[in-house]
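These notes are about the structure you will find just below.
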Amino acid sequence: MFKPLVIAAFLIAFCAQEFCAQGFYSSRMWKSQKHEYTAYFGASNFLGELGGRDMIGSDFIWDLEFNQTKFAGGMSYMLYLGERAGLRFQGGIQRVAGNDNTTTEVFRQNRNLHFRANIYDFTTTIEFHIIKEKYGNLYNLKSNLGKKLGLKKLNIGFYTFFGLGGFYFNPQAERPNAPGVWIDLAPLNTEGQGLPDGPEPYKQYGMIVPVGIGFRYGLSREWGIKLELSHRFTFTDYIDDVSTVYYDNDAIANATGGEAAYFANPTLNLIPTYTDGNYVYDPTKAGMQRGDPTDRDGYMYAVLGVYYRPRATTRGRYRGGSRKIKASF
């Protein structure tokens, strides 16, 4: 758990130092626009135990279920450390979901679990602009006849980012025969949390490692739009309330109630059980696999954002008037 955190922290510190030391302060233009504000909205998805493609569960995007795509949104502030690098602080909300009824893989379908969760996260990342978007008069000069005289450059930039953050999640499931009524799952201890020989109750908060890429399009020197893709690596396997094995359902019912017992094991009984001597095969009996604790949950988003970089007030020799910038070729 700690190795990715140490690596990410080291990279953030190293890159911040390098970006500031390698001459980025030699350019004056970025210093007048050191602050950037962004609002974004888009789609989110989830990688965990529930739902997935029509096959045995696999890792990463190969098991993504697109029909469970939900919303994502948030805001961010970035302080530019240099012409191509910035320190970004971001807060967002994503809804994620999963449902075993979206797959035809028999064991998942028989398990019949589902969930949704709102995720609130806050991250600090280093953003590095590999290709800067172009803007300004140098690229938009026109003759009296409307012919473009400026440099012919595509106004699109490309960037990448990584960092550290924290998040909170609250898994819920819809009450049977009561559409629209969602029940918090964590208090129900659906895998026997807190019961004899059961796991400890899981925390609904933790650390994340956000990574991603994006494309920027400059509408003007102050305004622009961007498309951003990000994956959030987590250190929990309980965003969907599923991780380990089934616990004795009667014990859950006695300890937490019938509703908890239902959400712990709502099996459809699609797989026949059988007895071989003293061995009874039942895919959802106590001790059988319910999730996969070796794979941590993750979530991702694809969003469209609008950013604004206000110009600083001119001072000194330019006070009382506008600074004139002459195009040169």
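Run down 193, 204 and say which single residue is without any contact (Cβ under 8 Å) to a residue 24 or more places away in the chain and buried (at least 16 other Cβ atoms within 10 Å of the Cβ).
On inspection, the qualifying residue turns out to be 193.
For residue 83, work out the one condition from (1) modelled with pLDDT of 90 or more; (2) within 30 Å of residue 34 (Cα to Cα) it doesn't fulfil.
Of (1) modelled with pLDDT of 90 or more; (2) within 30 Å of residue 34 (Cα to Cα), only one is false for residue 83: (1).
Per-residue answers, yes or no, for (1) among the aliphatic types (A, V, I, L, M); (2) touching a residue at least 24 places away in the same chain (Cβ under 8 Å); (3) part of a helix (DSSP H, G or I):
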residue: 233; (1), (2), (3): no, yes, no
residue: 238; (1), (2), (3): no, yes, no
residue: 241; (1), (2), (3): no, yes, no
residue: 247; (1), (2), (3): no, yes, no
residue: 253; (1), (2), (3): yes, no, yes
residue: 262; (1), (2), (3): no, yes, yes
residue: 270; (1), (2), (3): yes, yes, no
residue: 275; (1), (2), (3): no, no, no
residue: 280; (1), (2), (3): yes, no, no
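For residue 213, are the conditions met, namely being among the aliphatic types (A, V, I, L, M) and either touching a residue at least 60 places away in the same chain (Cβ under 8 Å) or in a loop (DSSP other than H, G, I, E, B) (or both)?
no
Hey, any hits in the range 293-312 for a residue that's among the basic types (Lys, Arg), surrounded by fewer than 15 Cβ atoms within 10 Å (Cβ to Cβ), in a loop (DSSP other than H, G, I, E, B) and at pLDDT 70 or above?
Checked the range 293-312: at least one residue is among the basic types (Lys, Arg), surrounded by fewer than 15 Cβ atoms within 10 Å (Cβ to Cβ), in a loop (DSSP other than H, G, I, E, B) and at pLDDT 70 or above.
Which one of these does residue 216 not meet: (1) surrounded by 19 or more Cβ atoms within 10 Å (Cβ to Cβ); (2) in contact with a strand residue (DSSP E or B) (Cβ under 7 Å, 6 or more places away or on another chain); (3) farther than 30 Å from residue 93 by Cβ?
All conditions pass for residue 216, except number (3).
Applying the selection to the range 62-88, what residues are buried (at least 18 other Cβ atoms within 10 Å of the Cβ) and outside any strand (DSSP E or B)?
If the condition is that a residue be buried (at least 18 other Cβ atoms within 10 Å of the Cβ) and outside any strand (DSSP E or B), then 63, 65, 68, 69, 81, 82, 83, 84 are the ones that fit.
Looking at the range 169-205 only, could you name the residues that are closer than 17 Å to residue 265 by Cβ and β-branched (Val, Ile, Thr)?
Residues satisfying the conditions are 183, 190.
From the residues in the range 115-152 that are small (Gly, Ala, Ser) and at pLDDT below 85, which one is farthest from the chain's Cα centre (by Cα)?
143
Could you look through the range 219-246, keep only residues that are among the charged types (D, E, K, R) and within 21 Å of residue 291 (Cα to Cα), and pick out the one that is surrounded by the fewest Cβ atoms within 10 Å (Cβ to Cβ)?
Taking the candidates together, the pick is 237.
Can you pull out the residues in the range 153-185 that are among the aliphatic types (A, V, I, L, M), over 30 Å from residue 125 (Cα atoms) and either at pLDDT below 95 or not in a strand (DSSP E or B) (or both)?
Selection gives 178, 181, 185.
Tell me, which residue of the range 217-231 that is hydroxyl-bearing (Ser, Thr, Tyr) and assigned to a strand (DSSP E or B) is farthest from the chain's Cα centre (by Cα)?
The extreme case among them is 217.
Quick one: is residue 224 within 30 Å of residue 156 (Cα to Cα) and among the small types (Gly, Ala, Ser)?
Considered against the rule, which asks whether it is within 30 Å of residue 156 (Cα to Cα) and among the small types (Gly, Ala, Ser), residue 224 comes out as yes.
The values are calculated or read from the model by the stated rules, or taken from the named source; none is laboratory data. Just so we're clear, the structure is a prediction, and the values are computed from it rather than from any experiment. Neighbour counts run over all protein chains shown; Cβ positions are idealised from the backbone, glycine included.
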